[in-house]
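Please read the structure below before turning to the comments.
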Amino acid sequence: MSDISPAPSLTAPPASLPQALPQRRAPLWRTLAVFTLTAVLSSGQLYVVIPLLHGMAAGWQTPQSGLTWLVTAFGVGYAAGFLLFGPLSDRYGRKRLICLGLPIAAVATALVAVAPGPEIAIAFRVLQGVTVAIFPPAAMAYMAERIEPRHRMVALATVTSGFLAAAVLFQVVAQALGPIVGWRGIFLISAVAFAVAAVAAAAVMLPDPSRELSGSFLSAYRAVPALLATPALLLRYAATVTILATFVAVYTGLQLGGPVGVAGSPDALMALRISGLPSMIVVPLLTPLLGRIAASRRAAYLLALAALALAAVAVIRPGLVGLALLLAVYVLGVAAGAPALNENIGVIAGQARGTALALFTFSLFLGGSLGPQLATAFITGGFGALMYGLAGILLLGVLALLAATHTGRVTGS
């Protein structure tokens, strides 16, 4: 569709924003290195528990299935944190929030490591999720404003791939290091990494532009109702929920009750987790080619591809190699579909970009928090039922995107 200017109600800049974006551009490669590694670290906290469930259950003498709430607890806090801190980055500045949030996230992560039991650990995981959520929306809005426009699409795809690659990388790291340092050691290492990330971000980020604050603290959130009342955005947020909901459910399902030869086999689980990495790596390389397709349609095509890959797993019931290949196709679909939605939503929102991307990441990780519970529900019917169910959820997301392209006329739709 042709490009049409965003709706005026969404593009009027909040009083706290400067009327013109600063012209100074961020150093591309240093910014990408710090932001991508921090994205992996931040998002990885959602998934790190999955390979540790057995050890945690043994230590606390509780069923593994009950500890899936440790994943959900972080996801809920993470999603809620986006709504809290995303609009504040519009008001107070991207660098200010990131440099404050990462040290706080380090402390909250260390608290999880010393939790005496599952109930306290769940509470600390909610707190950890809220504090870690300070980074993603501020970082994505910072890149949308400060990265040279010709590099912006690749930069957003690279960092978004980092958020998604964490699902694989942190599960592999936790599975490898867990027997050596224990699950508490994994969280202590993560806490130190957040502290290092805070120093790196402070060094690489440009100073925030001066902002003339007006109105109350709550005025930072005034764009939220307008964004949610826009059908073209609301449908895109609904589609966003399906991405991590299925992603987390796939890997949780493999851990809880994968097909014969996979469930209970550390080597097979490791191989399947690693099989998704090439897809994560190739997404930024494909971005210039994929960018020729309008963002909303691109997202719909890619999520449809991911749904077909999951349905094929249920129909074919492949062996380990076939399963790895189909999961790689699925990972490619969701890993490339997420930045397409991010790009599309950011353009539609205009000057309310920080708040709109906070709602995007809220939707993304709201889905992630639902993933373990979807896996627990569907896996009772077998791994095939899980794959069919998750394919159906993704297709609902595709339908939402198709409906969004016919709801109003918006840029890049």
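Taking other Cβ within 10 Å of each residue's Cβ, how do 32, 46, 396 sort, fewest first?
On the way: 32 21, 46 30, 396 14.
Starting with the residue having the fewest Cβ neighbours, the order is 396, 32, 46.
Sort 164-175, 185-196 for me by packing, meaning the mean count of neighbouring Cβ atoms within 10 Å per residue, highest on top.
164-175, 185-196
Give me the angle, in degrees from 0 to 90, between the Cα long axis of helix 353-378 and the longest principal axis of the Cα atoms of the chain, rounded to the nearest 10.
20
Would you compute, from DSSP H runs of 4+ residues alone, the mean residue ellipticity of the chain at 222 nm, taking -39500 (n - 2.57) per run and dividing by the full residue count, rounded to the nearest 500?
-26500 deg cm²/dmol
Let me spell out the model: positive unit charges on the Cβ of Lys and Arg, negative unit charges on the Cβ of Asp and Glu, origin at the Cα centre of the chain. What dipole size does that give, in debye rounded to 20?
On the way: 22 positive and 9 negative charges, 140 e Å.
With only Lys, Arg, Asp and Glu charged at Cβ, the dipole is about 680 debye.
Report the full-extension gain for the segment residue 65 to residue 396: residue separation times 0.36 nm, less the Cα-Cα distance, to one decimal in nm.
Full extension of this stretch gives 116.5 nm more.
How many nm is it between the label spots at residue 28 and residue 282, if each spot is 7 Å from the Cα in line with the beta carbon?
Those two pseudo-labels are separated by 2.3 nm.
Would you mind getting me the FRET efficiency between residue 107 and residue 57? Use the beta-carbon distance for r and R0 = 25 Å, nearest 0.05.
0.40
Treating the angle as unsigned and between 0 and 90°, give the value, to the nearest 10°, between the Cα long axis of helix 231-257 and the longest Cα principal axis of the chain.
Once rounded, the angle reads 20 degrees.
Roughly what angle does helix 277-290 make with the longest principal axis of the chain, taking Cα atoms, 0 to 90 degrees, to the nearest 10?
Approximately 30 degrees, to the nearest 10.
Loop only per DSSP, at most 15 neighbouring Cβ atoms within 10 Å: give me the trypsin sites (Lys or Arg not before Pro) in region 281-312, ordered by residue number.
Of the trypsin sites (Lys or Arg not before Pro), the ones in loops of region 281-312 whose Cβ has at most 15 other Cβ atoms within 10 Å are 292.
Work out the FRET efficiency for residue 321 and residue 123 from their Cβ-Cβ distance, taking R0 = 60 Å, and round it to the nearest 0.05.
Approximately 0.90, to the nearest 0.05.
Laboratory data are not the source of any read-out in this text; all were calculated from the coordinates shown. Predicted model, so just to flag it, every value in this text is computed and none were measured. Cβ: placed from backbone, ideal geometry, glycine included. Neighbour counts: every protein chain shown.
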